[in-house]
Structure formats: C-alpha cells, structure tokens
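The block underneath contains the structure these notes are about, expressed in structure tokens.
The values are calculated or read from the model by the stated rules, or taken from the named source; none is laboratory data. None of these values were measured; they are calculated from a predicted model. Neighbour counts are summed over all protein chains in view; Cβ atoms, including those assigned to glycine, are modelled from backbone coordinates with ideal geometry. Surface accessibility is based on the protein's heavy atoms, side chains included, excluding ligands, DNA and RNA. Shrake-Rupley method; radii C 1.70, N 1.55, O 1.52, S 1.80 Å.
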Amino acid sequence: MINRAIISLALAGALSGACRNAGNDPVPPSLPGSYVYAGKGSTFTKPWEFSARLDLAPDRHYTLTLDKAIDGHRDSTETDVGTYTVSGDHIQLRENGHGPRNSQDMHKLQIKADSLIAEVGWTAEVFIKGVGAPNVVFVKRRG
C-alpha cells in the first residue's frame, strides 16, 4: 500500500512537471528580433493595405504593431503586447491579461528559418484567399 502511494506521488510529480514545461522550451538565440508582414490588394473595388511588425524579446515578451488603410482611410496604429512560449518549431503568442485558455487571444506561428508562419484555421484561410491577401508570413528584419 505504501509503495503504491509513493509510485502514485512520483507519477503525479513527473506529470505536473511535464505539463509545466510543455510549450516552455528555451528561446533559440536566433529567434528574438523584429519580423514584418505586409499585404495589399483590392476587394470589391476598395483598395486595402495592411502592415504588421512583431518584435520578440529574449525575455519571452512581444509587441505586435498593426497599421491598416482601407479605401484610402488610414486607421490609427494598433498595438498588442504579451508573452510567448516556444514548443519545438512553434511559438505561441498570448495577449497580456488573458489566460492560456482563451484561444482567441492565443496565436500560433511556425518557426521556419528567418520566418514565422501564422497557423490559421480553415475559415480564416478562406477569407485570406478570398480577399487576395498573401499568407501571413512574418519575415525577420536584418540590421
């Protein structure tokens, strides 16, 4: 009976450690930096233009800045800040003030060399293709 309790406690400790470390890989030295995305086109004869800058800090914090103009009207710059985790070849961005359970405030990107590729659902993919926007790929800025 005591052996079973010790084994159960050891397993519980190991599992909680594994869950705690999930998505918490070390930040690769080449990952921090500034990444940019830009797209423009026209939908229903209305020209649009988007540009975004994602700044990843070595301390696992990020800042996302978005500028957009639709039909010649430029909106004010939007800024989002939060934290990110690394899991294998993916990073997950989580907006400040929102827990990890709120999936709308968590964004997953695949790390590919000097690019970060957004993983969007099929409905977003259809919308992106429908308006003629390029895939959401952030490219690292050099210099």
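If ligands, DNA and RNA are left out, what is the accessible area of Arg60 with a 1.4 Å probe, given in Å² to the nearest 10?
That residue has around 60 Å² of solvent-accessible surface.
Simple spin-label model, 7 Å along Cα-to-Cβ: Asn24 to Thr63 in nm?
2.7
Show me, for the range 63-74, the HN-Hα J-couplings you get by feeding each phi into the Karplus relation (A = 6.51, B = -1.76, C = 1.60, θ = phi - 60°), rounded to Hz, glycine and proline as x.
Result, ordered by residue: 10, 10, 10, 10, 10, 8, 9, 10, 6, x, 9, 8 Hz.
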